[in-house]
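Have a look at the structure below before the remarks.
Where a number appears in this text, it was derived from the coordinates with a stated rule and is not lab data. Here the structure is a predicted model, which means the values were calculated and not measured. Here the Cβ positions follow ideal geometry from the backbone for every residue, glycine too, while neighbour counts run over all protein chains shown.
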Amino acid sequence: MADLRRPSFRGAGRSLEILRAEAHDELHTLIELRCRAGEDPWEVIPDLPSVDEQVVISLRADALGHAGTGSASGLDLDDELGFLREIALWHPELSRAVWSLMGRLQDVGGLA
């Protein structure tokens, strides 16, 4: 039985190639904005997610109706992890990124 608190991931409707291109553009924009604000690129880049992690974060945000990448979902940890597993089932190529983000969630208690 599906958990009513957790949204069901039904795929993105876009190819993984397009999702990765969009994530790349988002990350490039974040780098540019932070560097224009005076931050050192050597300090900015290591803090950013990988392209595939950004895809997962964006899919999560889209499914939960959030515009921001690190928005709180209101889900408990088990529901959040289950939702991320669903993304990995729909897009097996993103499994490594999903596992990485799941590890961060368990260690720190939040996505960013």
Revision key, fill the gap. With x for Gly and Pro, the residue-by-residue ³J(HN,Hα) of region 55-65, computed from phi through the Karplus equation 6.51 cos²θ - 1.76 cosθ + 1.60 at θ = phi - 60° and given in whole Hz, is 4, 4, 4, 5, 4, 4, 4, 4, 5, 8, x
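First measure r as the distance between the Cβ atoms of residue 17 and residue 76, then evaluate 1/(1 + (r/R0)^6) with R0 = 30 Å and state the FRET efficiency to the nearest 0.05. Please report the intermediate quantities before stating the final value.
Working: r = 33 Å, r/R0 = 1.11.
FRET efficiency, residue 17 to residue 76: 0.35.
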Review point. When the convex hull of the C-alpha atoms of region 16-108 is computed, what volume per residue in Å³ does it have?
Key: 103
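If I stretch the segment between residue 90 and residue 62 completely, what's the gain in nm (0.36 nm per residue apart, minus their alpha carbon distance), one decimal?
Working: separation 28, 0.36 × 28 = 10.08 nm, distance 1.49 nm.
Answer, rounded to one decimal: 8.6 nm.
How high is the relative contact order of region 16-108, given as a whole-number percent (alpha carbon pairs under 8 Å, six or more residues apart)? Before the final figure, lay out each step's value.
Details: 56 pairs, mean separation 24.4, N = 93.
After rounding, I find 26 percent.
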